[in-house]
Amino acid sequence: QVQLVQSGGGLVQPGGSLRLSCTASGIIFKTYAIEWYCQAPGKQRELVATISTGGTTNYADSVKGRFTASRNNAENTAYLQLNSLKPEDTAVYYCKAKLFRTEYWGQGTQVTVSS
């Protein structure tokens, strides 16, 4: 049974930081690329960051320089470091493990940026 379990969301003030985690079980984690998405209320889910099996990262323009994706294959865990958070970053954040056409989603974690 494949599971992606997310943690690390919460309430933070503008300018603050959070680190999201995505821990996988039931897959050979190192063979999967990891994608991070966010979905704000009333909006479509959108891609914010990706990290390849080799550690290459890509970011949406809106988060470049503020968010950092990383992975620890020994721990079957991917991370998304969120810095300099803005109120418009408020959303549910999802991780997705992807290998060709096989995809698995995490359950999502809420990030709320508010003073």
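The values are calculated or read from the model by the stated rules, or taken from the named source; none is laboratory data. Since the model is a prediction, treat every value here as computed from it, not as a measurement. Because the Cβ atoms are built from the backbone with ideal geometry, glycine has one as well, and the counts that use them run over all protein chains shown. Only protein heavy atoms, including side chains, enter the accessible area calculation; ligands, DNA and RNA are left aside. Shrake-Rupley method; radii C 1.70, N 1.55, O 1.52, S 1.80 Å.
Only residues in the range 26-49 that are aromatic (Phe, Trp, Tyr) count as the first member; pair them with residues that are not in a strand (DSSP E or B), Cβ under 8 angstrom, at least 6 apart or cross-chain, and list the lot.
Every condition considered, the pairs that remain are Phe29/Asn73; Phe29/Asn76; Tyr32/Thr53; Tyr37/Arg45.
Taking only the range 1-20 into account, find how many residues are closer than 12 Å to Cys95 by Cβ and open to solvent by 20 Å² or more (accessible area, probe 1.4 Å).
5
Hey, does the range 59-68 have a residue that's surrounded by fewer than 18 Cβ atoms within 10 Å (Cβ to Cβ), farther than 23 Å from Gln3 by Cβ and among the acidic types (Asp, Glu)?
Yes, the conditions are met somewhere in the range 59-68.
Which ones in the range 80-112 are surrounded by 20 or more Cβ atoms within 10 Å (Cβ to Cβ) and outside any loop (DSSP other than H, G, I, E, B)?
From the range 80-112, those surrounded by 20 or more Cβ atoms within 10 Å (Cβ to Cβ) are 80, 82, 85, 89, 91, 93-97, 106, 109, 111; that's our starting set.
Hits for the range 80-112 are Leu80, Leu82, Asp89, Ala91, Tyr93, Tyr94, Cys95, Lys96, Ala97, Thr109, Val111.
Restricting to the range 21-58, name every residue that is touching an Asp or Glu at 6+ places or on another chain (Cβ under 9 Å), of a type in the set (A, V, I, L, M, F, W, C) and open to solvent by less than 30 Å² (accessible area, probe 1.4 Å).
Phe29, Cys38, Ala40, Val48, Ala49, Ile51 - these are the residues of the range 21-58 that are touching an Asp or Glu at 6+ places or on another chain (Cβ under 9 Å), of a type in the set (A, V, I, L, M, F, W, C) and open to solvent by less than 30 Å² (accessible area, probe 1.4 Å).
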